[in-house]
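To keep things clear, I will list the structure first and then write my remarks on it.
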Amino acid sequence: MASSKLFSRLTIFPNYQVKLSALSCIKRNSMINNNMKTLVSYFSNSTKYQYDLVVIGGGSGGLAAAKEAVELGAKVAVFDYVTPSPRGSKWGLGGTCVNVGCIPKKLMHQAALLGEAIHEAAAFGWQIPGEPKSIINDWDSLKNAVQNHIKSVNWVTRVELRNKNVDYINGNGYFKDNHTVVGVMKNGDEKVVTADKIIIAVGGRPRYPDIPGALEYGITSDDIFSLDHAPGKTLIVGAGYIGLECAGFLNGLGYDATIMVRSIVLRGFDQQMANLVAEEMEQRGVHFIYQAKPKAVKKQDDGRLMVHWVDKNGEMHQDIYDTILFAIGREALTVQLKPENAGVQILQENKKIFAENEQTNVSNIFAVGDVLHKRPELTPVAIHAGKLLARRLFGNSVEQMDYTNVATTVFSPLEYGCVGMGEEDAITHYGKENIEVYHAFYKPTEFFIPQKNMSHCYVKVIALNNADERIVGMHFIGPHAGEVIQGFSAAIKCKLTFPILKSTVGIHPTSAEEFTRVFITKSSGMDPTPQSCCS
Ligand code: FAD
């Protein structure tokens, strides 16, 4: 029997005894080849340790790897532990995305969009009792609904792990050596486990600036979604995607929101698109303080917060807020792991792990997710990399994670989705003379009747201007940007070219079809504003 066939049959045996008897069977077989030798060494090692795999961190990446590994017959344990935020917020199993990231963020974004829709509905003939302006959002109800959903996901995740026979250990893990992980439990007890292989999937937590009052009075994305009172007038420090999204939904929910920008908005994204997103937010009522840095936060007698900041000329300013939310970046949780005990190297500059193909510098220790250096910090990236890693470790797969052309979306009030390179990156990479930028403003049909602002609905396609005109970047600002860009990201993976995009027949009337209609190049200098909707 071919060894690969034998291997894949063996991987479906979840039971250790069965694996061992299968192993003796293989040993008797004279046809042992390289694959089978690997298998023999895998089983022999796994008898030395309690587990084939221990995963430290039960978030997107860790859980995906753990679940895939048990499916492939490995004995797996997952450590997951949430250290409360400085404000005392804590949550259950599942990591950042489920508890304090993508999911609560998207739900609050949706709540804000619904508020917008209520106001538009009157224009479409809906009889809304009273003045639409008097319709307000109740923070407690929203927060409770979001938290209840999260708790249900925590519960389902625990049940799923139990059903799959993954041992979940609610302990804060650290390395004793390269095969031993110690978990500090809530009551201070320590649980020690040994494993053949270990995956680090500890993710990160928000950073605080080193200024007086930041830790005492500030909150972060770890706290906003479970805040026990309405946030009121809020200063958001930081203009990355998390800062913009939080400011966007707070403004949409009716709170006064201000973003303090140190240098640029949405660093790392195409800057023309980033500025359009910011302009749109400004027109919707979000305030921006540019080129400023907070210096101190003080609590007043009335409980409100006095924030002092300095502008680019060194002049000091101050204003009073109910809430100050720091969204200035995230820090990998590696130091607490005592990586030195296992010999795992972390980078001094950002405490992340450089791991080519998710392999750390220690042969039996791997890493996935946000903890990885220079990899997109996104849930589907962590999940995909975790699954593929488990298949390489416990199946006979050789498939590596492809981190290129990962699509993403900023859930700002008017969403921004993109895949591939931004214009600046494409110019740096290929040279201005070797690319063509196609662009168009457009008018979503559903914006006409309520007379919504359409001046920032915009698409951009960046293509090489050589013979095949391969597309290297697609950018979209408009409704449902995530849904629009997802499909195009598959096309980019298939090496979409501009002629193919042009020959694609659109779906009318949609916003996504604008990609198939785009023909004006930036270099032509022609006006990219639309003449009519349907020609
Ligand atoms: P995490 O999900 O952070 O999981 C790590 C887990 O390990 C945590 O539970 C942590 O408490 C635990 N842990 C840490 N150290 C230890 C230890 N020593 N022992 C035991 N357990 C430990 N991504 C998207 O794709 N789309 C979005 O829309 C999106 N929105 C986001 C919005 C916000 C506000 C934030 C903060 C993030 C968002 N992300 C989004 C990013 C996404 O949440 C992360 O990329 C993803 O969660 C990373 O997964 P991970 O497995 O690396 O780590």
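None of the figures in this text is laboratory data; all of them are computed from the coordinates on show. As the structure is a prediction and not an experimental result, all values here were calculated from the model. Because the Cβ atoms are built from the backbone with ideal geometry, glycine has one as well, and the counts that use them run over all protein chains shown.
In this structure, Glu356 and Lys502 have a Cβ-Cβ separation that, at R0 = 35 Å, corresponds to a calculated FRET efficiency of about 0.35.
Given a Förster radius of 56 Å and the C-beta distance between Glu190 and Ser523 as r, what FRET efficiency does 1/(1 + (r/R0)^6) yield to the nearest 0.05?
Details: r = 64 Å, r/R0 = 1.15.
That pair, Glu190 with Ser523, gives E of 0.30.
Please determine, in degrees from 0 to 90 and to the nearest 10, the orientation of helix 60-71 with respect to the longest principal axis defined by the Cα atoms of the chain, where the helix direction is its Cα long axis. With rounding to tens, the tilt is 30 degrees. In terms of overall dimensions, the C-alpha atoms belonging to the stretch 414-524 reach 43, 23, 23 Å along their principal axes, ordered largest to smallest. Once a ≥ b ≥ c are taken as the square roots of the eigenvalues of the Cα gyration tensor of the stretch 148-230, is the result rounded (a/c under 1.5), prolate (a/b larger than b/c) or oblate (a/b not larger than b/c)? Oblate. For Lys295, the lysines whose Cα falls under 17 Å of its own Cα, not counting residues fewer than eight places away in the same chain, are Lys312.
Okay, which of the stretch 309-336 sit inside 15 Å, backbone N to the point 7 Å along the Cα-Cβ direction of Arg267? Residues passing the 15 Å test: 327-332. Residues in the stretch 308-338 near a label at Tyr290, defined as backbone nitrogen under 13 Å from the 7 Å Cα→Cβ point? From the stretch 308-338, the list is 312. Translational diffusion of the chain was estimated from the Stokes-Einstein equation, with Rh taken as the Kirkwood radius over Cα pairs; at 37 °C and 0.692 mPa s the coefficient is 128 µm²/s. Remark: the Asp311-Ala123 segment gains 63.4 nm on full extension, using 0.36 nm per residue and subtracting the alpha carbon distance.
Counting neighbouring Cβ atoms within 10 Å and putting the fewest first, the residues Asp322, Asp210, Asp370, Asp223 line up as Asp210, Asp322, Asp223, Asp370.
Assign one of three labels to the stretch 214-328, namely rounded, prolate or oblate, based on the Cα gyration tensor with a ≥ b ≥ c the square roots of its eigenvalues; rounded applies when a/c is under 1.5, prolate when it is not and a/b is larger than b/c, and oblate otherwise.
Working: a/c = 1.80, a/b = 1.25, b/c = 1.44.
Taking the square roots of the gyration eigenvalues as a ≥ b ≥ c, the stretch 214-328 is oblate.
Longest stretch of the chain clear of exposed loop sites (GluC sites (Glu not before Pro), DSSP loop, at most 12 other Cβ atoms within 10 Å, sites excluded): 1-314.
Over 23 Å apart at the Cα level, from the set Lys105/Lys197; Lys443/Lys522; Lys460/Lys493; Lys432/Lys495; Lys176/Lys351; Lys176/Lys387, are Lys105/Lys197; Lys176/Lys387.
Fewest to most neighbouring Cβ within 10 Å: what's the order for Phe441, Phe366?
Numbers: Phe441 18, Phe366 26.
Ordered from fewest to most neighbouring Cβ atoms within 10 Å, Phe441, Phe366 come out as Phe441, Phe366.
With neighbours defined as other Cβ atoms within 10 Å of a residue's Cβ, the residues Tyr290, Tyr416 order from fewest to most as Tyr290, Tyr416. Loop-resident chymotrypsin sites (Phe, Trp or Tyr not before Pro) (DSSP state other than H, G, I, E or B) in the stretch 93-159 with no more than 12 further Cβ atoms inside 10 Å of their Cβ: Trp126.
Counting only the Cα atoms, the stretch 141-190 fills a convex hull of 108 Å³ per residue.
Rounding to the nearest 20 debye, state how big the charge dipole of the stretch 362-434 is about its Cα centre with +1 on each Lys and Arg Cβ and -1 on each Asp and Glu Cβ.
Magnitude of the dipole: close to 460 debye.
Counted residue by residue at 0.36 nm each, then reduced by the alpha carbon distance between them, the extension gain from Asn465 to Glu399 reaches 20.6 nm. Using a simple spin-label model with pseudo-atoms 7 Å out from Cα toward Cβ, Thr428 and Asp302 lie 4.6 nm apart. Report the relative contact order of the stretch 399-535, percent, no decimals, based on alpha-carbon pairs under 8 angstrom and at least 6 residues apart. Dividing the mean separation by the residue count of the stretch 399-535 yields 29 percent.
Scaling against 2.2 N^0.38 Å puts the C-alpha radius of gyration of the stretch 79-205 at 1.52.
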